[in-house]
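The values are calculated or read from the model by the stated rules, or taken from the named source; none is laboratory data. It should be emphasised that the depicted structure is a prediction, and the values quoted were computed from it without experimental measurement. As a convention, Cβ positions derive from the backbone with ideal geometry for all residues, glycine included, and neighbour counts pool all protein chains shown.
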2 protein chains.
Amino acid sequence: MKLLLKNAGILAFKDGRFDPIPEGFLGIDGDTIDYIGANRPQAPYDREKDMRGKLLIPGIVNCHCHAAMTLLRGIGSDLPLDRWLFEAVFPVEDRLKPEDIMAGNALAMLEMLASGVTAFSDMYFEPRTLIEQNEQAGMKVNLTRVVQAFDPDEPPEKNFRIAESLALFDEFHGCQNGRVRVDFGVHAEYTTNDAVTRRYADLIRPYREKGARVQLHLSETRKEHEECVQRHGLTPAAWFERMGIFDLPAAAAHCVWCTHDDLDILKAHDVCPIHNPTSNLKLGSGFAPVPEMLEKGLRVALGTDGAASNNNLNMFEEMHIAAIGMNGYLMDPVLMPPSAILRMATVNGAHLQGRDDTGCLTVGKKADIAAVDMDRPHLYPAFQPMPMLVYSAQASDVVMTMVDGKILYENGEYLTIEREKVMFDAKQAVKRLYGGR
Amino acid sequence: MKLLLKNAGILAFKDGRFDPIPEGFLGIDGDTIDYIGANRPQAPYDREKDMRGKLLIPGIVNCHCHAAMTLLRGIGSDLPLDRWLFEAVFPVEDRLKPEDIMAGNALAMLEMLASGVTAFSDMYFEPRTLIEQNEQAGMKVNLTRVVQAFDPDEPPEKNFRIAESLALFDEFHGCQNGRVRVDFGVHAEYTTNDAVTRRYADLIRPYREKGARVQLHLSETRKEHEECVQRHGLTPAAWFERMGIFDLPAAAAHCVWCTHDDLDILKAHDVCPIHNPTSNLKLGSGFAPVPEMLEKGLRVALGTDGAASNNNLNMFEEMHIAAIGMNGYLMDPVLMPPSAILRMATVNGAHLQGRDDTGCLTVGKKADIAAVDMDRPHLYPAFQPMPMLVYSAQASDVVMTMVDGKILYENGEYLTIEREKVMFDAKQAVKRLYGGR
């Protein structure tokens, strides 16, 4: 099936940069973009869809998410960080069953699809649930069974998570026509030990050739960063490097407290930092050194983190706060250009996920596309699409989300997910988890 | 006419604090709230409106705005502050005619009404245009003809703005059944001189008994703050105090660089600071010391500033960024409780405007109300309404906005403004101002 999106603004990408077309045509052949231009293509299309007044943008990539934590949205918002985790979050997580996680995952997918997210990276319990659900939902998901070892003396041979992590990759990596990618994962330095981590690194190293990648948390809080230095005489980044984890390309969430040397380590190993500004600010963790990362050529991506510390999965808010937060913190109004922010949320995110066949609107790339309705009072006038998207637009301005050429969301309707059932299931899960509320 | 809003969540306000009712009834008699409770009132109502699944909140007050600058949305986003003002903003403002300002005002009202704003304070050219437009629109507006004197030697008797400012008050203050309030105004310390300001203070002092108030910009940027100290040996706050301007209650926009002593001055004179986090961060001005202001008992309000430096008029974004920005900057996750943020956007804003008859949902207050649709994936679960509103909600979740008991906006429709005409007029104005674009 060949589909032509016509009369739309197009945030095209050409020669390594955004190259907007005020009004034009975007052709799709199956799952792939086969035409972009201001003029109507010569070739015939089976179907045409009038997108007048809309701006087509690359599907947004949420690179750090704990999707099922939507069910923990806003809990313990009035507690300091440690008490929030131990008194609010962990007791609920202890009660989570696979059906709860599925309910939370589906709620997250509703929210992300409605806001233009086509792909996300997830790190949570029971990743098989999400694979199963995504069969129908049709998004692109990178997920992982992270390795943890809470006992510093736990030997690798007793760590069942290592085997589960490898098995998950072997069974599912690349399934659903490549829409599911399995990453390897280490939760964080402070939740594992040397022996387990070294052994895991040795086991996953051969998977590099299969395109395997790693997810982890890195230097999110000052406490975590400094305790690692006390424990190992190494920063978390240096420690992961020594363990051999960075022998695979990795996605490092947060990096708030990374030092200058840490950033050089990340650069040397093609580790992509994921900036999660809302979560980092809300939890009082601080500001990641994004301008320095960009200066060093690191391909920074963006994420929402889980809804428990955000408290939503709104990548338009992340773009906005990534832009103005850093400007304000370093007192420089032109520090974070809108094009750099958009690149983080799209091209860089796709690269971090190992999906360089998507992330931008270019002929030959997969048709992962969101459409923004420009006929909104708060978007007029919009002299340039990039500042409009980063500073003025809201998630709710998205009116269509398409993955691999297939529309998954349009004008409030979900085409692959039953909204009412998801909301019902979420309510049942909340009853199970919290009692009468 | 008596109207009963039924089956709604209600963010009521009782004994000086928010007191949410999960599901209840809110009765309105004419323009005034006459009942709030979990149970159906005994008294009869002429009309009932089912608000199941909605949360009623106080109308939001945008305390610092240059409404017509919607027509300058996003211009010069890539320029540093001085060049942004001199190369992008000022040349367009030079070309503004009253019909352009009306077009921009109307566009701003569309955006604000759709996001639950019932009242705003405006500081811009040609304030009579906004008074005229608001006759039909029906919002609550505090506006001002600010005094400026760019020549340091300009004598007061030559400053035509002083007379205009006084005349505006005499002619319009309290009109439209009190919905229009005229404030006095001094643009900023750096745009006036001692003689003009002293004379203006002397002239407006007698208006204190008539409930007059003052709008001004205060210590927005470090440069402005430090140059004032060099010029006068006084901070802007101390200088305004010495000039006598603070003899009236005042609303001071920004206050980013206010010192500890400055905040004591504001406190001593019932000057309310207006926090504009998006604009301050985007322009690289820095973080206002909001926690210290609150600790000193200052009644901080919130504002968007103009769309040229924001680039929208979204008070939900302001609430969100006010909350998490300060948490992140001072690295304390419980620094800015959601209830304090909501108070800034409602109760404190109403107080700052001289509208203590509104700003909260309490029997006897004016029925200035917004309804938030809770049936949205990103708002579920919502265990507590306050964190939900501040961290999860978006402006687009507002489905009804009511001023003085009259619905002005509901489910995408404007009841007092012709949306299509406003969009058309805005496009005409943009053509006039920018040529072919």
For this session: Considering (1) modelled with pLDDT under 95; (2) within 14 Å of chain A (Cβ to nearest Cβ), say which one residue B:270 fails and leave the rest.
Result: (2)
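Among the residues in segment B:164-174, are any crowded, with 16+ Cβ neighbours inside 10 Å, aliphatic (A, V, I, L, M) and farther than 30 Å from residue A:333 by Cβ?
So far as segment B:164-174 goes, yes, one or more of its residues are crowded, with 16+ Cβ neighbours inside 10 Å, aliphatic (A, V, I, L, M) and farther than 30 Å from residue A:333 by Cβ.
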Problem set entry | Any hit, segment A:94-112, residues being within 14 Å of another protein chain (Cβ to nearest Cβ) and acidic (Asp, Glu) | yes
Problem set entry | Among (1) surrounded by fewer than 18 Cβ atoms within 10 Å (Cβ to Cβ); (2) within 19 Å of residue A:131 (Cα to Cα); (3) over 17 Å from the mean Cα position of the chain (by Cα) - the single one residue A:194 does not satisfy | (2)
Exercise. Does residue A:109 satisfy the condition of being hydrophobic (A, V, I, L, M, F, W, C) and touching a Cys at 6+ places or on another chain (Cβ under 9 Å)?
Worked result: no
Exercise. Residues of segment A:53-102 being surrounded by fewer than 16 Cβ atoms within 10 Å (Cβ to Cβ) and either polar (S, T, N, Q) or more than 25 Å from residue B:335 (Cα to Cα) (or both), which ones?
Worked result: A:94, A:95, A:97, A:98, A:99
For this session: Run residue A:220 past the list (1) assigned to a loop (DSSP other than H, G, I, E, B); (2) free of Cβ contacts under 8 Å to residues at least 40 places away in the same chain; (3) of a type outside the set (Val, Ile, Thr) and report the number of the one that doesn't hold.
Result: (2)
For this session: Identify the single condition in (1) away from chain A (no Cβ under 12 Å); (2) surrounded by fewer than 24 Cβ atoms within 10 Å (Cβ to Cβ); (3) within 21 Å of the chain's Cα centre (by Cα); (4) part of a loop (DSSP other than H, G, I, E, B) that residue B:286 does not satisfy, given that it satisfies every other one.
Result: (1)
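If we scan segment B:268-280, do we find a residue that is in a helix (DSSP H, G or I) and over 19 Å from residue A:320 (Cβ atoms)? Don't jump to the end; show me each part of the working.
Let us first name the residues in segment B:268-280 that are in a helix (DSSP H, G or I), namely B:268, B:277-280.
Next, from what is left, pick out any that are over 19 Å from residue A:320 (Cβ atoms): B:268.
Yes, the conditions are met somewhere in segment B:268-280.
Yes/no matrix, rows are residues, columns are (1) without any contact (Cβ under 8 Å) to a residue 12 or more places away in the chain; (2) of a type outside the set (Val, Ile, Thr); (3) in contact with a Phe, Trp or Tyr (Cβ under 7 Å, 6 or more places away or on another chain); (4) at negative phi:
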| site | (1), (2), (3), (4) |
| --- | --- |
| A:229 | yes, no, no, yes |
| A:246 | no, yes, yes, yes |
| A:254 | no, yes, no, no |
| A:257 | no, yes, no, yes |
| A:260 | no, yes, no, yes |
| A:264 | no, yes, no, yes |
| A:271 | no, no, yes, yes |
| A:284 | no, yes, no, no |
| A:287 | no, yes, yes, yes |
Problem set entry | Among residues of segment B:393-426, those that are touching an Asp or Glu at 6+ places or on another chain (Cβ under 7 Å) and of a type in the set (Val, Ile, Thr), counted | 2
Exercise. Restricting attention to segment B:168-195, which residues are among the small types (Gly, Ala, Ser) and under 19 Å from residue B:126 (Cα atoms)?
Worked result: B:174, B:185, B:188
For this session: Working only within segment B:178-203, note down all residues that are among the charged types (D, E, K, R), over 16 Å from residue B:248 (Cβ atoms) and part of a helix (DSSP H, G or I).
Result: B:189, B:194
Problem set entry | segment A:36-54 residues that are assigned to a strand (DSSP E or B), paired with ones that are surrounded by 11 or more Cβ atoms within 10 Å (Cβ to Cβ) and polar (S, T, N, Q) (beta carbon under 6 Å, 6 or more apart) | A:50/A:7
Seminar exercise, completed: Output for Cβ contacts, cut-off 7 Å, separation at least six or different chains, first residue free of Cβ contacts under 8 Å to residues at least 60 places away in the same chain in segment B:4-21, second acidic (Asp, Glu) and exposed (fewer than 15 other Cβ atoms within 10 Å of the Cβ), reads B:6/B:50; B:7/B:23; B:7/B:50
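Looking only at residues in segment B:368-381 that are out of contact with any helix residue (DSSP H, G or I) (no Cβ under 7 Å at 6 or more places or on another chain) and either charged (D, E, K, R) or assigned by TED's automatic domain parsing to the domain that holds residue B:325 (or both), which one is modelled with the lowest pLDDT? Explain how you work it out, then say what you get.
Residues of segment B:368-381 that are out of contact with any helix residue (DSSP H, G or I) (no Cβ under 7 Å at 6 or more places or on another chain), as a first pass: B:368-371, B:374-375.
Remaining after also requiring either charged (D, E, K, R) or assigned by TED's automatic domain parsing to the domain that holds residue B:325 (or both): B:368, B:375.
Numbers: B:368: 99, B:375: 96.
Within segment B:368-381, the match that is modelled with the lowest pLDDT is B:375.
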Problem set entry | Qualifying residue in segment B:247-255 (condition: surrounded by fewer than 20 Cβ atoms within 10 Å (Cβ to Cβ), assigned to a helix (DSSP H, G or I), of a type outside the set (Ser, Thr, Tyr) and at pLDDT 95 or above) | yes
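Can residue A:430 be described as under 30 Å from residue B:433 (Cα atoms) and either part of a loop (DSSP other than H, G, I, E, B) or out of contact with any strand residue (DSSP E or B) (no Cβ under 6 Å at 6 or more places or on another chain) (or both)? Let's see the steps before the verdict.
Details: under 30 Å from residue B:433 (Cα atoms): no; either part of a loop (DSSP other than H, G, I, E, B) or out of contact with any strand residue (DSSP E or B) (no Cβ under 6 Å at 6 or more places or on another chain) (or both): yes.
So residue A:430 fails the test.
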Seminar exercise, completed: Residue hits (segment B:304-341; more than 9 Å from every other protein chain (Cβ to nearest Cβ) and touching an Asp or Glu at 6+ places or on another chain (Cβ under 7 Å)) are B:304
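Can you give me the number of residues within segment B:68-88 that are more than 21 Å from the chain's Cα centre (by Cα) and more than 8 Å from chain A (Cβ to nearest Cβ)?
Let us first name the residues in segment B:68-88 that are more than 21 Å from the chain's Cα centre (by Cα), namely B:75-88.
From what is left, the residues that are more than 8 Å from chain A (Cβ to nearest Cβ) are B:76, B:82-83, B:85-88.
Going through segment B:68-88 one residue at a time, the tally reaches 7.
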Seminar exercise, completed: Of the listed residues (A:236, A:277, A:291), the one being touching a Leu at 6+ places or on another chain (Cβ under 6 Å) and within 23 Å of residue A:332 (Cβ to Cβ) is A:291
Exercise. Does segment A:411-428 hold any residues that are surrounded by 17 or more Cβ atoms within 10 Å (Cβ to Cβ) and more than 18 Å from residue B:374 (Cα to Cα), and which are they?
Worked result: A:414, A:416, A:417
For this session: Determine whether segment B:390-409 contains at least one residue that is over 19 Å from residue A:375 (Cα atoms) and within 7 Å of chain A (Cβ to nearest Cβ).
Result: yes
For this session: Select, from B:345, B:340, B:393, B:426, the only residue that is in the same structural domain as residue B:50 (by TED's automatic domain parsing), more than 17 Å from residue B:31 (Cβ to Cβ), at pLDDT 95 or above and out of contact with any Ser or Thr (no Cβ under 6 Å at 6 or more places or on another chain).
Result: B:393
For this session: Looking only at segment A:213-221, decide whether some residue is surrounded by fewer than 17 Cβ atoms within 10 Å (Cβ to Cβ), over 16 Å from residue A:144 (Cα atoms) and over 19 Å from the mean Cα position of the chain (by Cα).
Result: no
Problem set entry | residue B:99 vs. criteria closer than 22 Å to residue B:418 by Cα and under 14 Å from the mean Cα position of the chain (by Cα) | no
Exercise. When segment A:422-437 is examined, which residues are found to be in contact (Cβ under 8 Å) with a residue 24 or more places away in the chain and more than 10 Å from chain B (Cβ to nearest Cβ)?
Worked result: A:425, A:428, A:432
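Checking the condition out of contact with any Phe, Trp or Tyr (no Cβ under 8 Å at 6 or more places or on another chain), assigned to a strand (DSSP E or B) and at pLDDT 95 or above, which residue from A:417, A:407 passes?
Working: A:417 fails: assigned to a strand (DSSP E or B).
Answer to the check: A:407.
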